[in-house]
Structures are given as structure tokens and as C-alpha cells.
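Novice: Sharing a structure, written as C-alpha cells. Questions coming.
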Amino acid sequence: MPYILDLIKDKNPLLFYYSVASLLGALLCLALMRFSSVELNGVNIWLKPFKFFVSVVLFSATMAFYLSFLDNQLQVKWYSWSLVLWLSIELFLIVFQAARGRASHFNIATASDRFIFNLMAIAITLLMFHTLYMAVLFFDQKQFNAPEVMVWAIKFSLLITVLFAFEGFLMGAMLKHSVGESSVQRALPILNWSRAFGDLRVAHFFGIHALQLVPLFCYFWAQSIRDALVISLIYLGFTSFTLIQALLGQPFIK
């Protein structure tokens with residue numbers, strides 16, 4: 001881990017310090033949760049910003065590590081600034097809505113709420129299209145200063161991440177993440193996934209964190225490119241199953 005952190009700091013200081021700043025944001029949200037009793041739908045108003053800050057830490061640090069293997073560092077530079085711009089807009093709007101005591105997602109109650117929700121959708125969409133382009137660069141490059149198995153694990157993880165990031169459009173079209181209900185009753189701690197009905201956030205979570213989990217599984221269990229492909233397909237199948245399960249109105253965990 002220290003080696004990876006040193007590599008990220010050396011190769012991509014922008015994303016390294018952005019990850020650090022996002023971590024501080026997460027810690028601030030934890031402090032606000034400790035001293036604020038304001039709730040939205042039965043959940044502390046600062047829990048969602050906390051989860052998004054943590055997600056940004058993982059995404060930006062992971063991408064910084066993977067991008068260090070690309071030869072086209074000019075495109076890496078542009079992507080790094082793109083990531084910081086679009087995710088900063090997303091985080092700012094989520095925090096802004098939390099400070100107002102209003103929902104940031106699926107909220108079109110007023111013109112300002114609708115504008116904020118749509119702007120967040122645009123920001124993430126642009127980032128994911130740019131991420132897909134970076135995945136293309138991985139597939140185009142022929143030689144890497146990294147084990148071939150891990151390179152393919154990164155390629156597969158990028159595709160799965162982008163695919164399930166766009167699952168957010170399904171939730172956006174429905175203006176909710178639940179199938180069958182919208183209550184937070186009988187929900188998993190912290191994640192707040194419904195234990196009574198289908199919850200589309202499960203597939204979204206496992207999908208976007210394929211970025212970390214697929215290469216991690218491949219690191220321990222893949223001995224060849226074929227192994228990496230099999231692990232990736234199993235992971236894709238599992239994540240797809242959680243999506244189908246949610247669409248059928250069934251909880252991931254009862």
C-alpha cells in the first residue's frame with residue numbers, strides 16, 4: 001500500500017491530493033453526523049455526502065494508480081482534470097442540498113431541485129464517457145509496465161464500472177432507487193439498502209466498485225488472461241443478478 005500511494009503521488013499528484021481532500025470531506029461529514037440530528041427519510045442528512053466522499057476517494061485514487069500505466073500521459077492529464085471538475089460539481093451539489101435539508105437525488109419538487117438533479121446527472125454522464133475513452137486507450141496500448149493479467153483485469157473492471165454507472169439512468173427515470181416501496185424501514189445499516197423490497201443501488205454499488213474488486217480478485221486468483229476473463233464474467237454475472245433481483249422487487253438481503 002505505501003508503494004501504491006507513493007506511485008500515485010509521484011505520477012498523478014492532482015488525483016493524489018484530490019483523494020486526500022475528499023477524505024477530509026468524508027471526515028467532516030462524520031463530524032457533522034455526530035453533532036447534527038437533522039434527518040431526511042429517517043436517515044441523517046450527512047450520511048449521503050459521507051458515502052459519496054468515500055466513493056470519490058476510492059475512485060480517484062484507483063484511477064490515479066491505473067492511469068500511471070498508460071503511455072499517453074497527456075490524455076491522463078486531461079482526464080484527471082475532468083475527473084476533478086465533474087466530481088467536484090457532484091460533491092458540491094450533494095453537500096449543498098444536505099445543508100438545505102433537501103434530497104439531492106430524484107428530487108424535482110422545485111425548479112432549483114430539478115436543476116441540481118439534472119446537473120449532477122450531466123456531470124456523471126460526462127465523466128463516465130471520458131472514463132470509457134480511457135478504457136479504449138487501455139485496449140489500444142500494446143505494451144505495459146505491469147503484469148499482463150492485471151492489465152486485463154483493469155480493462156475488464158473499467159468496462160463493468162462504466163456499464164453499471166449508467167444504471168443510474170434507470171433510477172433517474174424512475175425517480176427512485178427502490179422497486180416496490182420507498183421507505184427506509186428494514187434497511188441495511190449505513191448502506192440503507194432495503195431489506196423488504198428491490199433496491200437498484202445494490203447493482204450500482206457492486207458495478208462501480210468493480211474498479212477495485214475485479215483487479216483485487218484477479219490479483220489473488222488469476223494466473224492467466226483467461227482466469228481474469230472468467231473472474232470478470234463471474235463478477236459481471238453476479239452484479240447483473242443483483243440488478244434483475246432488484247427489478248423483480250426482491251431484496252438483496254432480507
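The values are calculated or read from the model by the stated rules, or taken from the named source; none is laboratory data. Being a predicted model, the structure only gives us computed values, none of them experimental. Here the Cβ positions follow ideal geometry from the backbone for every residue, glycine too, while neighbour counts run over all protein chains shown. Side chains are part of the model used for accessible areas, which takes the heavy atoms of the whole protein and leaves out ligands, DNA and RNA. Shrake-Rupley method; radii C 1.70, N 1.55, O 1.52, S 1.80 Å.
Novice: Just to verify a result, which residue in segment 138-165, among those that are among the hydrophobic types (A, V, I, L, M, F, W, C) and without any contact (Cβ under 8 Å) to a residue 40 or more places away in the chain, is farthest from Arg201 (Cα to Cα)?
Specialist: Selected residue: Phe139.
Novice: Quick one: which helices (runs of 4 or more DSSP H) lie wholly within segment 107-214 and hold at least 2 residues that are open to solvent by 50 Å² or more (accessible area, probe 1.4 Å) and small (Gly, Ala, Ser)?
Specialist: 111-140
Novice: Could you grab me the full set of residues in segment 215-254 that are under 29 Å from Trp193 (Cα atoms), among the polar types (S, T, N, Q) and not in a helix (DSSP H, G or I)?
Specialist: Gln250
Novice: Could you give me the residue pairs with C-beta distances under 7 Å whose first residue belongs to segment 108-129 and is over 11 Å from Gln97 (Cβ atoms), whose second residue is polar (S, T, N, Q) wherever it lies, and which are 6+ apart or on separate chains?
Specialist: Leu127/Ser82
Novice: Within segment 8-39, track down each residue that is within 22 Å of the chain's Cα centre (by Cα) and outside any helix (DSSP H, G or I).
Specialist: Within segment 8-39, Asn12 is the sole residue that qualifies.
Novice: Related question: When Tyr3 is evaluated against the numbered criteria (1) surrounded by fewer than 16 Cβ atoms within 10 Å (Cβ to Cβ); (2) in a loop (DSSP other than H, G, I, E, B), which criterion, by number, is the only one it fails?
Specialist: (2)
Novice: From (1) closer than 21 Å to Ala165 by Cβ; (2) in contact with a Ser or Thr (Cβ under 7 Å, 6 or more places away or on another chain); (3) of a type in the set (Phe, Trp, Tyr); (4) touching a residue at least 40 places away in the same chain (Cβ under 8 Å), pick out the condition that doesn't hold for Phe53.
Specialist: Result: Phe53 passes all but (4).
Novice: Going residue by residue through segment 19-26, is there one that turns out to be at pLDDT 95 or above and open to solvent by 100 Å² or more (accessible area, probe 1.4 Å)? I'd like the intermediate steps shown before the answer.
Specialist: Here is the first cut: in segment 19-26, the residues at pLDDT 95 or above are 19-26.
The next check asks that each one be open to solvent by 100 Å² or more (accessible area, probe 1.4 Å); those that pass are 24.
Yes, there is a match, as at least one residue in segment 19-26 is at pLDDT 95 or above and open to solvent by 100 Å² or more (accessible area, probe 1.4 Å).
Novice: Considering only segment 62-84, state which residues are open to solvent by 50 Å² or more (accessible area, probe 1.4 Å) and outside any helix (DSSP H, G or I).
Specialist: Asp71, Asn72
Novice: Does Phe59 qualify as being within 23 Å of Leu213 (Cα to Cα), within 14 Å of the chain's Cα centre (by Cα), of a type in the set (Phe, Trp, Tyr) and open to solvent by 60 Å² or more (accessible area, probe 1.4 Å)?
Specialist: no
Novice: Related question: Would you call Asp10 open to solvent by 60 Å² or more (accessible area, probe 1.4 Å), of a type in the set (D, E, K, R) and modelled with pLDDT of 95 or more?
Specialist: Considered against the rule, which asks whether it is open to solvent by 60 Å² or more (accessible area, probe 1.4 Å), of a type in the set (D, E, K, R) and modelled with pLDDT of 95 or more, Asp10 comes out as no.
Novice: Residues that are open to solvent by less than 80 Å² (accessible area, probe 1.4 Å) and farther than 16 Å from Lys155 by Cα: does segment 217-229 have at least one?
Specialist: The initial filter retains those residues of segment 217-229 that are open to solvent by less than 80 Å² (accessible area, probe 1.4 Å), namely 217-218, 222, 224-225, 227-229.
With farther than 16 Å from Lys155 by Cα added as a condition, the list becomes none.
No; the residues of segment 217-229 include none that is open to solvent by less than 80 Å² (accessible area, probe 1.4 Å) and farther than 16 Å from Lys155 by Cα.
Novice: Give the residue, chosen from Gly42, Gly101, that is open to solvent by 40 Å² or more (accessible area, probe 1.4 Å), under 23 Å from Met174 (Cα atoms) and in contact (Cβ under 8 Å) with a residue 60 or more places away in the chain.
Specialist: Step by step, each of Gly42, Gly101 is checked, and only Gly42 is open to solvent by 40 Å² or more (accessible area, probe 1.4 Å), under 23 Å from Met174 (Cα atoms) and in contact (Cβ under 8 Å) with a residue 60 or more places away in the chain.
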